[in-house]
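Down below is the structure, laid out as structure tokens.
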Amino acid sequence: MQYSEQCCYPRPRMEVKVEVVLPEKDREKEELSPNGKASPLAYKANGTTRHYHHEERPIVLNPYTNPKDMVEASVCHVKDLENGQMREVDLGCGKALLIKQNGEYYAMGHKCPHYGAPLVKGVLSRGRVRCPWHGACFNIATGDIEDFPGLDGLPKFQVKIEKERVYIRASKQALQSQRRTKVMAKCIALSNYSTAITNILIIGAGPAGLVCAETLRQEGFSDRIVMCTSEKYLPYDRSKLSKSMDSQAEQILLRSKEFFHMYDIEVLTETQVINVDTKNKTVVFKDGFRMEYNKLLIATGSTPKTLTCKGKELDNVFTIRTPEDANRVVKLASNRNVVIVGASFLGKRCNCFFCLYLKEVVLKSGKVLRADACVIGIGRIAALNMLAQGTEINTIPYLWTAMFGKSIRYAGNGDGFDDVIIQGDIEELKFVAFYTRNDEVIAVASMNYDPIVSKVAEVMASGKSIRKRDVETGDVSWLTGKGS
Ligand SMILES: Cc1cc2nc3c(=O)[nH]c(=O)nc-3n(C[C@H](O)[C@H](O)[C@H](O)COP(=O)(O)OP(=O)(O)OC[C@H]3O[C@@H](n4cnc5c(N)ncnc54)[C@H](O)[C@@H]3O)c2cc1C
Ligand code: FES
């Protein structure tokens, strides 16, 4: 077992003191309410069930602590915004997203902290805004992220109405950063622990494992959390590997090594679990080391589907999963022929990256393709959300990709579809495809048709169904229109 160079923790000495800290619901009231009523700062320095450390404070964007950092501006007339509308407004030193829903005004960051999408082009519904690009959802009252991808929430700002004008008061720093990392607890058991015992063990350091660890800390959990990964790196954004295949892991990390130190989230790299004994709550690593846990999350993602045909064992046949895989393909494929097996999203993405090169792949039809590097690209589905124990999981699968500079978005689960209704113009690369089963829309894909996929995802997440006849008419403006 290797302790990550980036995130080192000492070897075993003493037994760990196990203390589970219960979540405290009533927190993060650091800002004024949307309608301008002040509520006091509510950080508890050290309550009976919650343990924050002073070091965590600097990264919390609390816009109301430093008056010099504040800016206030009149942004519009009350009549400029209808219920269910959003507008980007400029405060002079940065923009905010102003929202009106059910007669209340809300203001928060305008740019999605994931890849920077303009949220004004997203979908406002049921007290949250869904990003038009990859479907992340933000609560309009708190700015918190409620559905993934992405890790951070948005800063929220104070709104007041005076003489029929809407005013926003915001921190300049928050306007610049456009993101907010939630307040998190730290571990209080570290000085007296054994590496052979942990309270929480997370197998897998992908986004699912990372979100689990962060959510525990956000909920005030102050005991030991250990994540382990068979790879060499801290959690990184695997989805970037098929778009920029020459990426190094350090360039695509989801969090910095300082972040893991700050919140005492231990990451054991190159640590493969080979056995899990749930009866005795123990795992065994490849090097024979055993670790006891109190609670376990298995977030190991999925493995690429490999070829079963002749030639699968050749050196120039790859699957892409790690930075090394992607880098190797780039190195081998430069100015050569490449065959991509698997016409899913991933396969097609890689397609944009290569030009074809040497040797042969024989298709079942007898047709011969010449290739040296063969990439088996099978798309993957979103990770199981293991954070919602005790809470109903209500998330809609959302996938995206970019091909030749055009983005394709997909939401739902099209497994077993029996028809596809296409609206728009495929030739012009501006279309939406509804996948239906029986009389119901079960998935949607689009190109240049934002925010339709987010809108469909939002309708599906609300529990409503979309009938086939609703999308057959050609008029899908009821789906593309913004608002609730
Ligand atoms: C090349 C590529 C491109 C992609 N592009 C997109 C995209 O554009 N859009 C999209 O929506 N999704 C995309 N995906 C899918 C996306 O990356 C996954 O959905 C996401 O990474 C899943 O996260 P996860 O945390 O569940 O698992 P993973 O990110 O797969 O992480 C699994 C973790 O488990 C660890 N692990 C596995 N087995 C063990 C073990 N026995 N012991 C210890 N550790 C173990 C691994 O080392 C890793 O740290 C892409 C995937 C790939 C491979
Ligand atoms: S840019 Fe918003 S979810 Fe990706």
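Quick notes on this structure:
- Which listed residue, of Leu358, Leu369, Leu387, Leu346, is loosely packed, with under 14 Cβ neighbours inside 10 Å and modelled with pLDDT under 55: Leu358
Conditions tested, residue by residue: (1) in a strand (DSSP E or B); (2) hydrophobic (A, V, I, L, M, F, W, C); (3) over 20 Å from Met86 (Cβ atoms).
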{"site": "Ala402", "(1), (2), (3)": "yes, yes, yes"}
{"site": "Gly414", "(1), (2), (3)": "no, no, yes"}
{"site": "Ile422", "(1), (2), (3)": "yes, yes, yes"}
{"site": "Val453", "(1), (2), (3)": "no, yes, no"}
{"site": "Trp478", "(1), (2), (3)": "no, yes, no"}
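- Condition broken by Glu146, with the remaining ones in (1) at pLDDT 95 or above; (2) under 20 Å from Gln101 (Cα atoms); (3) within 16 Å of ligand 2 (Cβ to nearest atom); (4) in contact with a Cys (Cβ under 6 Å, 6 or more places away or on another chain) satisfied: (1)
- When Gly424, Gly412 are screened for being in contact with a Phe, Trp or Tyr (Cβ under 9 Å, 6 or more places away or on another chain) and buried (at least 21 other Cβ atoms within 10 Å of the Cβ), only Gly412 passes.
- Qualifying residue in segment 196-205 (condition: more than 16 Å from Glu292 (Cα to Cα) and modelled with pLDDT of 85 or more): yes
- Taken over segment 69-121, the criterion of being part of a strand (DSSP E or B), small (Gly, Ala, Ser) and surrounded by 22 or more Cβ atoms within 10 Å (Cβ to Cβ) is satisfied by Ala96, Ala107.
- Residue pairs meeting the criteria (Cβ under 6 Å; at least 6 apart or on separate chains; first in contact (Cβ under 8 Å) with a residue 24 or more places away in the chain and more than 16 Å from Ser125 (Cα to Cα), in segment 86-114; second more than 16 Å from ligand 2 (Cβ to nearest atom) and polar (S, T, N, Q)): Gly94/Gln176
- Enumeration of residues in segment 93-144 that are over 21 Å from Lys79 (Cβ atoms) and among the aliphatic types (A, V, I, L, M): Met108, Ala117, Leu119, Val123, Val129, Ala136, Ala141
- Residue ID - surrounded by the fewest Cβ atoms within 10 Å (Cβ to Cβ), chosen from residues in segment 124-133 that are in contact (Cβ under 8 Å) with a residue 24 or more places away in the chain and more than 8 Å from ligand 2 (Cβ to nearest atom): Arg126
- Residue check for Asp237: in contact with a Cys (Cβ under 8 Å, 6 or more places away or on another chain) and acidic (Asp, Glu): no
- Residue ID - nearest to ligand 2 (Cβ to nearest atom), chosen from residues in segment 312-336 that are part of a loop (DSSP other than H, G, I, E, B) and of a type in the set (A, V, I, L, M): Ile320
- Residue in segment 181-196 that is out of contact with any Lys or Arg (no Cβ under 7 Å at 6 or more places or on another chain) and free of Cβ contacts under 8 Å to residues at least 40 places away in the same chain present: yes
- Just one of the listed residues (Ile274, Ile200) is farther than 30 Å from Trp400 by Cβ and either of a type outside the set (Val, Ile, Thr) or more than 8 Å from ligand 1 (Cβ to nearest atom) (or both), and it is Ile200.
- Across segment 130-154, the number of residues qualifying as more than 16 Å from ligand 1 (Cβ to nearest atom) and either touching a Ser or Thr at 6+ places or on another chain (Cβ under 8 Å) or more than 24 Å from Met184 (Cα to Cα) (or both) comes to 2.
- Among the residues listed as Ala136, Ala141, the single one being over 17 Å from Leu479 (Cα atoms) and more than 12 Å from ligand 2 (Cβ to nearest atom): Ala141
- For the residues Thr401, Thr436, the requirement of being surrounded by 12 or more Cβ atoms within 10 Å (Cβ to Cβ) and touching an Asp or Glu at 6+ places or on another chain (Cβ under 6 Å) singles out Thr436.
Each row is one residue, and each column tells you yes or no for (1) within 30 Å of Ser239 (Cβ to Cβ); (2) in the same structural domain as Val159 (by TED's automatic domain parsing); (3) at pLDDT below 95.
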position: Arg27; (1), (2), (3): no, no, yes
position: Pro34; (1), (2), (3): no, no, yes
position: Tyr43; (1), (2), (3): no, no, yes
position: Asn66; (1), (2), (3): no, yes, yes
position: Val78; (1), (2), (3): no, yes, no
position: Glu104; (1), (2), (3): no, yes, no
position: Ala107; (1), (2), (3): no, yes, no
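Yes/no matrix, rows are residues, columns are (1) within 24 Å of Met227 (Cβ to Cβ); (2) among the small types (Gly, Ala, Ser):
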| residue | (1), (2) |
| --- | --- |
| Tyr263 | yes, no |
| Thr271 | yes, no |
| Thr282 | yes, no |
| Gly288 | yes, yes |
| Asn316 | no, no |
| Arg321 | yes, no |
| Ser334 | no, yes |
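- Residue check for Pro132: in contact with a Lys or Arg (Cβ under 6 Å, 6 or more places away or on another chain), over 22 Å from Ile408 (Cβ atoms) and modelled with pLDDT of 95 or more: no
- Considering residues of segment 396-420 that are among the β-branched types (Val, Ile, Thr) and under 14 Å from Val453 (Cα atoms) only, the residue modelled with the highest pLDDT: Ile408
- Residue satisfying condition, being hydroxyl-bearing (Ser, Thr, Tyr), at pLDDT below 90 and either farther than 14 Å from Arg130 by Cβ or under 20 Å from the mean Cα position of the chain (by Cα) (or both), within set Ser454, Ser477: Ser477
- Segment 105-116, residues that are in contact with an Asp or Glu (Cβ under 9 Å, 6 or more places away or on another chain) and either within 8 Å of ligand 2 (Cβ to nearest atom) or over 24 Å from Ile161 (Cβ atoms) (or both): Pro113, His114
The values are calculated or read from the model by the stated rules, or taken from the named source; none is laboratory data. On a predicted model such as this, the values are computed, not experimentally measured, just so you know. Cβ atoms come from the backbone with ideal geometry, glycine included; neighbour counts cover every protein chain shown.
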